[in-house]
Amino acid sequence: MESVLRSQTIKALLTHAVFRTKPISRIQHLPNSRVRNSSSSISALQAAFRDPSSPFHIPPGSTGPESPDSPPCGAHLTTLAPSESKADAPDLLKVGYEKLRRGGFDPGSFWEQRIVWGDHDSFQHVNNVRYVRFFESARIQWMLSLGKEIGGPEKAKAMMNGEGISLILKSIEVKFRRPVTYPDSLLIGYRPLSLSSGDDTATFHVTASAYSVAQKAFVAHSKEALVWYDYDNLKKCDPGERAQEVLRGRMTKE
């Protein structure tokens, strides 16, 4: 009885194996015409990559798009309002930067913050919390500018890495004037305020403003207290005459 069952089991396994191998056998014996067509398609695609007139052309030494949905390399992307033409974009930015200069803001701090759809909140405008980050980006830009003037690129790098004497934010107050919506670009500038004779040499105040390119108007203002901080000794400090001299040179008469 056991031998009969064993024989039937072996027969079933062999039958199953033959059934499973039939599709593979058919795949292994594809008609030569199908193989030639596949090779021809690949060759045509490779030729399109090499042809400068082809929309699929990839120049030597460059890479293709990350995905089929990626925009072309030469696509013009902008966050300006759709009512403004692309040709007007440089002029609109120029007008905005001139507004900042006339307001006494330090050109070394100028920062273009492009608004993206994700900056919106449920009230359909840029979330107020975002402005603190926007001002931070411009402030870091300004700190780099100060560091380069104080001691060159190495000093600027040290200030960014929290080495030696750098700046930290003590407080910030933001006033909102207008809601901002996508698409838009904000131009942000900083300027340090004049020091009083009795002020702590480790602390000074700055003001910053955000200008909307789409609205052609200032949309937010910031007042901040900054502190010179000695990262080696973990305490606020007098930054030294060179740093104070550079800071005074960035101040404008109010």
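The values are calculated or read from the model by the stated rules, or taken from the named source; none is laboratory data. Keep in mind the model is a prediction, meaning the values are calculated, not measured. Here the Cβ positions follow ideal geometry from the backbone for every residue, glycine too, while neighbour counts run over all protein chains shown.
Selection of the range 42-98 for residues being β-branched (Val, Ile, Thr) and either assigned by TED's automatic domain parsing to the domain that holds GLN215 or modelled with pLDDT of 80 or more (or both) yields ILE42, VAL95. Where strands (runs of 3 or more DSSP E) sit wholly within the range 175-254, those with at least 1 residues that are among the acidic types (Asp, Glu) and either assigned by TED's automatic domain parsing to the domain that holds ARG139 or in contact with a strand residue (DSSP E or B) (Cβ under 9 Å, 6 or more places away or on another chain) (or both) occupy 217-230.
Somewhere in the range 189-201, is a residue over 20 Å from ASN128 (Cβ atoms), surrounded by 17 or more Cβ atoms within 10 Å (Cβ to Cβ) and more than 23 Å from the chain's Cα centre (by Cα)? Checked against the condition, which is being over 20 Å from ASN128 (Cβ atoms), surrounded by 17 or more Cβ atoms within 10 Å (Cβ to Cβ) and more than 23 Å from the chain's Cα centre (by Cα), the range 189-201 yields at least one hit.
Going through (1) at pLDDT 95 or above; (2) out of contact with any His (no Cβ under 8 Å at 6 or more places or on another chain); (3) at negative phi one by one, VAL174 falls short only on (2).
Residues in the range 140-157 include at least one that is part of a helix (DSSP H, G or I), among the polar types (S, T, N, Q) and in the same structural domain as TYR211 (by TED's automatic domain parsing).
Here PHE110 meets each of (1) at pLDDT below 95; (2) in contact with a strand residue (DSSP E or B) (Cβ under 8 Å, 6 or more places away or on another chain) with one exception, condition (1).
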